[in-house]
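See below for the structure under consideration.
The values are calculated or read from the model by the stated rules, or taken from the named source; none is laboratory data. No experiment lies behind these values; they were computed from the predicted model shown. Cβ placement follows ideal geometry from the backbone for every residue including glycine, while neighbour counts extend to all protein chains displayed.
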Amino acid sequence: MCDYSLMALRNRLAVEGDRLVAHKFGSGTTGLVSTEDFKAWRSARPKRLWEKIKDCFCTDLGPAPVVCVPPGASLRLEQVPHSLREKFGLAVCEEATFTQVSAEVNRHRDGLRFSNGATVLLQLLPEGQPVTVLRFSSAEDLPEPEGIELAAPMANGRAVFARR
């Protein structure tokens, strides 16, 4: 998934084992890019004062693509900043599931769900936050829950679950 404001940018689908970092684009949206692209972009950043000021208003990775992660993918975050650890009860290194927080138009929707139940918008990750794609999940990968069966979808489109 790529957040709504990143859809116009060049992008690619993540692959298992990808080493990514959070990057704040010129649109103000935080997205994921490859570690190599991020390092190349940082080393090529302008050095003069005026170029640095201009760069603040137009942060861009040029030809580097945004990396889109599918919902349900398992990720590992390393070096989780103290502010996020304190606010959401996280450890320095955490595994999370990539999720869609909202389906509303013009809303940031990419998020990370941690094992403690906390869901954090991707927008809250600091620039340069390391993220590794561990694996993609699918319904076939997940064991069927015991004692629960799908009865029938209701008129509002939601499913009704019943105990066996």
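Tell me, please, whether a residue that is farther than 20 Å from F136 by Cβ and either modelled with pLDDT under 85 or among the hydroxyl-bearing types (S, T, Y) (or both) can be found in segment 86-95. Working first, answer last.
Quick first cut of segment 86-95, residues farther than 20 Å from F136 by Cβ only: 86-93.
Still in the list and also either modelled with pLDDT under 85 or among the hydroxyl-bearing types (S, T, Y) (or both): none.
Scanning segment 86-95 turns up no residue that is farther than 20 Å from F136 by Cβ and either modelled with pLDDT under 85 or among the hydroxyl-bearing types (S, T, Y) (or both).
Kindly indicate whether F38 is in contact with a helix residue (DSSP H, G or I) (Cβ under 7 Å, 6 or more places away or on another chain), aromatic (F, W, Y) and either modelled with pLDDT of 65 or more or crowded, with 16+ Cβ neighbours inside 10 Å (or both). Step through it out loud before you land on a result.
Details: in contact with a helix residue (DSSP H, G or I) (Cβ under 7 Å, 6 or more places away or on another chain): no; aromatic (F, W, Y): yes; either modelled with pLDDT of 65 or more or crowded, with 16+ Cβ neighbours inside 10 Å (or both): yes.
No: the conditions fail for F38.
Given the conditions (1) surrounded by fewer than 17 Cβ atoms within 10 Å (Cβ to Cβ); (2) assigned to a strand (DSSP E or B); (3) within 10 Å of the chain's Cα centre (by Cα); (4) not acidic (D, E), which single one is not true for V67?
With respect to (1) surrounded by fewer than 17 Cβ atoms within 10 Å (Cβ to Cβ); (2) assigned to a strand (DSSP E or B); (3) within 10 Å of the chain's Cα centre (by Cα); (4) not acidic (D, E), V67 is out only on (1).
Looking only at segment 16-26, count every residue that is assigned to a loop (DSSP other than H, G, I, E, B), in contact with an Asp or Glu (Cβ under 9 Å, 6 or more places away or on another chain) and not hydrophobic (A, V, I, L, M, F, W, C) and tell me the total.
So the count comes out to 1.
Among what's in segment 73-113 and is touching a residue at least 12 places away in the same chain (Cβ under 8 Å) and among the hydroxyl-bearing types (S, T, Y), pick the residue that is farthest from T29 (Cα to Cα).
So, considering only residues that are touching a residue at least 12 places away in the same chain (Cβ under 8 Å) and among the hydroxyl-bearing types (S, T, Y), the one farthest from T29 (Cα to Cα) is S74.
What single numbered condition from (1) over 24 Å from Q100 (Cα atoms); (2) modelled with pLDDT of 85 or more; (3) among the polar types (S, T, N, Q) fails to hold for S43?
All conditions pass for S43, except number (2).
Give me a count of the residues in segment 16-32 that are over 17 Å from V120 (Cβ atoms) and crowded, with 19+ Cβ neighbours inside 10 Å.
Residues flagged as over 17 Å from V120 (Cβ atoms) and crowded, with 19+ Cβ neighbours inside 10 Å within segment 16-32 amount to 1.
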